[in-house]
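First comes the structure, then the notes that go with it.
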Amino acid sequence: MNGGNPVVALIALLAAIGRATILMFATIGGVSRFAARTVRRGLTPPYYPGALFQQLAQIGWLSLPVVGLTAIFTGAALAQQTFTAGSRFNAQSTVPAIVVIGIVRELGPVLVGLMVAGRVSSSMAAELGTMRVTEQLDAMTTLRTDPYRYLIAPRLFAALISLPLLVLIANSIGIFGGYMLSVYKLGFNASSYLAITRNFLEADDFAMALVKAGVFGFFIALMGCYHGFRTEGGAAGVGRATTNAVVSSFILILVSNLLVTVLAFG
Amino acid sequence: MTEPKIVLDNVVKTFGDNHVLDGLSLAIEPGESVAIIGQSGSGKSVTLKCILGLIKPDSGSIRIDGEEVVGASGRALARLRPRIGMLFQGSALFDSLPVWRNVTFGLTRGQHRDAARLRKVAEENLERVGLGREILDLKPGELSGGMQKRVALARAIAPRPEIIFFDEPTTGLDPIRADVINDLIVSLTDDIGVTALTITHDMASARKIAHRVAMLYQGRIIWYGPRDRLYDSGNPYVDQFVQGRADGPIT
């Protein structure tokens, strides 16, 4: 082959970069069109309130155990870490402040986002992907029902509503976890711990957490539905769609989290 | 002279380098039952999906009752769809919904309402395919393959379409169950006057249910004739296919 020729190798490299770039922009374009179509059709009748409530239960209610568990353990661990690190320079008293800021601004939204992405994005991709490969989506269209309105819009809107609520709950539970560990293991005074917590609890931080949560919810449902909807190639295709949904929603959550944070504080 | 019910005119569809449909033309008269036969992967399912507007052909024209399907708006397709029913190869029942909601899905467009009346409608349609009310509340996964197919047929006929497409209706069924489905298709066309288009590679089924048979090969219709001529078509490709021989012009 021409592997030894540097010019050919360079051109091959440029071609590969070009291909990857084109693919990236094509994917972004495809996802954007998919999202725009879902929102546009979801806001015009016929509406499916039953499907929306079902998804709210699926995404919001049924995620509560895993979200609560994550939050309480993370809050407690954060308190212990802060205490241990702080005790080196006599700054143990920062525990309540760091727990509240760390949970509300960062750990609450991101951990909830990642947990729910793992739970929900994958199941959406698997369900819609199976419906695609068994022709249920085609059957739905021939029965005069728009899959965007019936299946995708309820998932997208339910995630958009559920995630902020879940983050609100997770933040409260996370702070409570830190409080429990600090008071019962580290020997903090309960009322002064709560007083400091209240001092550092700012409405702006909560607002940012909710904005982040909404963005994450949108991406979680969008990735699950997009990859599920475009599944091809039988059972293996459903497996690929599920993996892609989870990986891409994780990446989008982490990147958008940084963007929102930098925009808010930068 | 009246326009045929369904007209396909020089339809071309390519996936990558694969010319699936390469100038396919076919006309189906009202009340007629036509079977398209051909090898697996010869583009039979793609043909049906093009007519349904699920896949957009690269070029050519498809008309239903004189109305153009290719390039039609979503709204125009939505107007056409109540006239068309489709029985999918794997039944494609919605596995999260009970049988009665599957059967009435095309009537409610997926919405929950008037359960008592709809269960009645579901029962009537199940009766037409020889199934009883005891399965109304079962999920599709709890039914045998043959029953699923009949439920799917009940779902397709519930909105009273004028045209029904059958995608390999007898595949995966034993010969007796297959013949039950054949009888149902015949009764739909002969008794109710539905226009039917079936794709199949089951020769016994094609001969029983179709008035005319079309053979699809390399993206075109290479033979189109009455079912009685299927076994003496004089076409070497059709001969090889209907007799199921490995040697011949088709490789």
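The values are calculated or read from the model by the stated rules, or taken from the named source; none is laboratory data. What you are looking at is a predicted structure, and each value in this text was computed from that prediction instead of being measured. Cβ sites come from the backbone with ideal geometry, for glycine too, and all protein chains shown count toward neighbours.
General remarks:
- Contact map, segment A:89-105: first residue more than 21 Å from A:Ser172 (Cβ to Cβ), second residue part of a helix (DSSP H, G or I) and of a type in the set (A, V, I, L, M, F, W, C), Cβ cut-off under 8 Å, separation 6 or more or different chains; pairs are A:Gln92/A:Phe83; A:Ser93/A:Ile196.
- B:Gly193 away from chain A (no Cβ under 14 Å), touching a Gly at 6+ places or on another chain (Cβ under 7 Å) and small (Gly, Ala, Ser): yes
- Some residue of segment A:114-124 being farther than 22 Å from A:Ser256 by Cβ, within 14 Å of another protein chain (Cβ to nearest Cβ) and buried (at least 22 other Cβ atoms within 10 Å of the Cβ): no
- Listed conditions (1) touching a Pro at 6+ places or on another chain (Cβ under 8 Å); (2) surrounded by fewer than 22 Cβ atoms within 10 Å (Cβ to Cβ) are all met by A:Gly233, apart from (1).
- Wholly within segment A:131-221, helices (runs of 4 or more DSSP H) carrying at least 3 residues that are away from chain B (no Cβ under 14 Å): A:153-184, A:190-200
- Qualifying residue in segment B:86-97 (condition: within 11 Å of chain A (Cβ to nearest Cβ), outside any helix (DSSP H, G or I), surrounded by fewer than 22 Cβ atoms within 10 Å (Cβ to Cβ) and touching an Asp or Glu at 6+ places or on another chain (Cβ under 8 Å)): yes
- Strands (runs of 3 or more DSSP E) wholly inside segment B:133-232 containing at least 3 residues that are farther than 24 Å from A:Arg144 by Cβ: B:212-217, B:220-226
- Count - residues of segment A:222-249 that are part of a helix (DSSP H, G or I) and on the phi > 0 side of the Ramachandran plot: 1
- Extreme residue, farthest from B:Leu24 (Cα to Cα), among residues of segment B:222-250 that are buried (at least 17 other Cβ atoms within 10 Å of the Cβ) and polar (S, T, N, Q): B:Ser233
- Exclusive hit being within 18 Å of A:Ala126 (Cα to Cα) and among the aliphatic types (A, V, I, L, M), set A:Val247, A:Val260: A:Val247
- Out of A:Ser121, A:Ser87, one residue alone is modelled with pLDDT of 95 or more and assigned to a helix (DSSP H, G or I). It is A:Ser121.
- Scanning segment B:68-80 finds one or more residues that are out of contact with any Asp or Glu (no Cβ under 8 Å at 6 or more places or on another chain), part of a strand (DSSP E or B) and either more than 13 Å from chain A (Cβ to nearest Cβ) or over 26 Å from B:Gly193 (Cβ atoms) (or both).
- Within segment A:171-180, not a single residue is closer than 27 Å to B:Arg81 by Cβ and either surrounded by fewer than 21 Cβ atoms within 10 Å (Cβ to Cβ) or over 24 Å from the mean Cα position of the chain (by Cα) (or both).
- A search for C-beta distances below 8 Å between a residue of segment A:21-46 that is part of a helix (DSSP H, G or I) and any residue that is small (Gly, Ala, Ser), counting only pairs 6+ apart in sequence or on different chains, returns A:Thr38/A:Ala153; A:Val39/A:Ala153; A:Arg41/A:Ala153; A:Gly42/A:Ala153.
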